[in-house]
Amino acid sequence: MINNKDILQDSFGRQHTYLRISLTELCNLRCTYCMPAEGIQLSPRDHIMSYDEVYEIAKTFVDHGVTKIRLTGGEPLVRRDADVILKKLATLPVELSITSNAVIIDRFVDTLQACNIKNINVSLDSLDAQKFKEITRRSDFEKVYNNIMLLIDEGFKVKLNAVLINGFNDNEIIDFIELTKALPISVRFIEFMPFDGNKWDKAKMVSYAQVMEHVNARFHEDKIVRMQDAPNDTSKNYKIEGYMGSFAIISSVTNPFCDSCNRIRLTANGRLKNCLFSSSESDLLTPLREGKSIEPMIQKAIQAKFKIRGGMDTMEKLEQPDLHSNNRSMIAIGG
Ligand code: SAM
Ligand code: SF4
């Protein structure tokens, strides 16, 4: 093993301590902004990391300074051995968390508690069952909503992620914020981002500034409290005075937070992505299966990280479809 922790430090001095692991490319929803209507070309089954391989790779990162692991997907909980993986990863000295669409999360409450998971991010883009169906192409609104309430009752810290799309759910911004009046949750509005096959168009995106226009039109400025963001936080956090919960905006498009980025991503087929927007990937699974050390591959991938958004450092570049169509669809990255 290479002993120094520096393999996770990039050429701009950013230390990568947060690993997001995608457990599967499969999902029980079909969100339009995440996956193309025709689906994606799935990796062959034997190219997907086994639970032992997930653990081995995760442990290598932890040995080099990763302190936080988030499981994602596709939908991480549709993987048959999700509970085995959760329990194995819970033995590592890291803060473990998960991002889920919550459709079947009620079946996992005991496992999540046994694994000492405290933070759960749930995606919910509309509070209207019909619109939920339109965006997810599935009729699971009630299940998801009830499961969110269950998670809150069980004491998990819940963040709700809503991807905003112009003319579709931007009229629900205030309804989402009103949810935080009596619920101890954080609602996070995410700027719609471009990925392969999601028909991104800047005009569909609702920007940080536009969200704040809605907020300022509804609440008096004295009531809108700008909160302290945590170090490496990707969101700008606010709350309405007197409300139990808070809200935030994740503005990767109009206001990238790359300077303080500490994140790296492992896809379900064992590729390391040094940035969400990067179209290049490093295969860790093949060397692992060949019994080779994966540390040199990790170091090389980290060193190759661009300063801003995988090299798409201007809005003009972000708007070029050929640049993001080299990237995967979000469902195969993991968010
Ligand atoms: N299935 C889980 C879920 O939906 O929470 C985990 C995986 S999902 C890919 C992770 C996050 O990525 C979700 O919060 C989703 O809303 C977000 N996401 C997917 N496509 C996106 C896009 N084009 N722009 C912004 N966020 C996106
Ligand atoms: Fe599935 Fe999550 Fe993508 Fe929706 S956002 S299709 S729930 S992976």
task: Determine the order of V163, V225 by accessible area, beginning with the largest, at a probe radius of 1.4 Å.
output: V225, V163
query: Among the lysines, which fall within straight-line cross-link reach of K199, defined as a Cα-Cα distance under 17 Å, with same-chain neighbours fewer than 8 residues apart omitted?
result: K317
- prompt: How high is the relative contact order of the chain, in percent, with contacts defined as C-alpha pairs under 8 Å that are six or more residues apart?
  reply: 22 percent
statement: For segment 186-335, percent of DSSP beta bridges that are antiparallel (nearest 5) comes out at 70 percent
query: R137 to A217: FRET efficiency via 1/(1 + (r/R0)^6), r the Cβ-Cβ distance, R0 45 Å, to the nearest 0.05?
result: 0.90
statement: Here, GluC sites (Glu not before Pro) of segment 1-107 satisfying both criteria (DSSP loop; at most 12 other Cβ within 10 Å) are E38
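Just to make sure I understand: if all protein chains stay in place, what is the order of H47, H214, H220, H64 by accessible area at 1.4 Å, largest first? Could the numbers behind the result be given before it?
Details: H47 90, H214 65, H220 115, H64 0 Å².
Order by accessible area, largest first: H220, H47, H214, H64.
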- request: Name all residues of segment 24-63 having a backbone nitrogen under 19 Å from the label point set 7 Å from the Cα of D128 along its Cα→Cβ direction, giving them as ranges.
  value: 31-33
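To the nearest 20 debye, what is the magnitude of the charge dipole of segment 18-333 about its Cα centre, counting +1 on the Cβ of each Lys and Arg and -1 on the Cβ of each Asp and Glu?
The dipole magnitude comes to about 420 debye.
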- prompt: What is the log10 of I(q)/I(0) for segment 18-333, computed with the Debye formula using one identical point scatterer on each Cα and no solvent, at q = 0.11 Å⁻¹?
  reply: -0.68
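Sequence gap of 8 or more, or different chains, plus Cα separation below 18 Å: how many lysine pairs satisfy both in segment 28-139? Before the final figure, lay out the partial values.
Working: K59/K68; K59/K87; K59/K88; K68/K87; K68/K88; K68/K118; K87/K118; K88/K118.
Here the count comes out as 8.
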task: Could you work out the local net charge near H47, counting Lys and Arg as +1, Asp and Glu as -1, over the other residues with Cβ closer than 12 Å to its Cβ?
output: -1
Positive-end residue, segment 18-333 charge dipole about Cα centroid, Cβ charges, pick of T234, I174, L272: L272
query: In terms of Cα to Cα distance under 12 Å, which aspartates and glutamates are near enough to K300, apart from those fewer than 8 places away along the same chain?
result: D6, D10, E281, D283
message: What figure, in Å² to the nearest 10, do you get for the accessible area of T72 with a 1.4 Å probe and non-protein molecules left out?
response: 10 Å²
message: Can you give me the % of accessible surface on the chain that is carbon or sulfur? Probe 1.4 Å, all protein chains present, nothing else counted.
response: 49 percent
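With a Förster radius of 45 Å, plug the Cβ-Cβ distance of N171 and E38 into 1/(1 + (r/R0)^6) and report the FRET value to the nearest 0.05.
Values: r = 29 Å, r/R0 = 0.65.
That gives a FRET efficiency of 0.95.
Expected output is a single nm value to one decimal: the length gained when fully extending between R226 and T286, i.e. 0.36 nm times separation in residues minus the C-alpha distance. What is it? Provide the component values of the computation, followed by the final result.
Details: separation 60, 0.36 × 60 = 21.60 nm, distance 4.63 nm.
Gain on extension, R226 to T286, equals 17.0 nm.
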task: Hey, can you find the accessible area per residue of the chain for me, probe 1.4 Å, expressed in square angstrom?
output: 44 Å²
message: Counting only other residues whose beta carbon sits under 9 Å from that of L29, what net charge do I get with K and R as +1, D and E as -1?
response: +1
field: Relative contact order [Cα under 8 Å, 6+ residues apart], segment 214-267, whole percent
entry: 25 percent
- request: Could you pull the accessible area for Y145 with a 1.4 Å probe, rounded to 10 Å²?
  value: 70 Å²
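Tell me the relative contact order for segment 210-335 as a rounded percent, counting alpha carbon contacts under 8 Å between residues six or more apart. Don't skip to the answer; put the middle values down first.
Details: 140 pairs, mean separation 22.9, N = 126.
Relative contact order here is 18 percent.
Which order do K305, K223 take by accessible area at a 1.4 Å probe, largest first?
Details: K305 10, K223 95 Å².
Order by accessible area, largest first: K223, K305.
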Those Cys residues of the chain for which no other cysteine Cβ falls under 4.7 Å: C27, C115, C258, C261, C275
- request: Multiply the residue gap between N146 and D233 by 0.36 nm, knock off their C-alpha separation, and tell me the result in nm, one decimal place.
  value: 28.5 nm
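The values are calculated or read from the model by the stated rules, or taken from the named source; none is laboratory data. Fair warning: this is a prediction, and the values are worked out from it, not measured in the lab. Please note: Cβ atoms are built from the backbone with ideal geometry, for glycine as well, and neighbour counts cover all protein chains shown. With ligands, DNA and RNA removed, areas are computed over all heavy atoms of the protein, side chains included. Shrake-Rupley method; radii C 1.70, N 1.55, O 1.52, S 1.80 Å.
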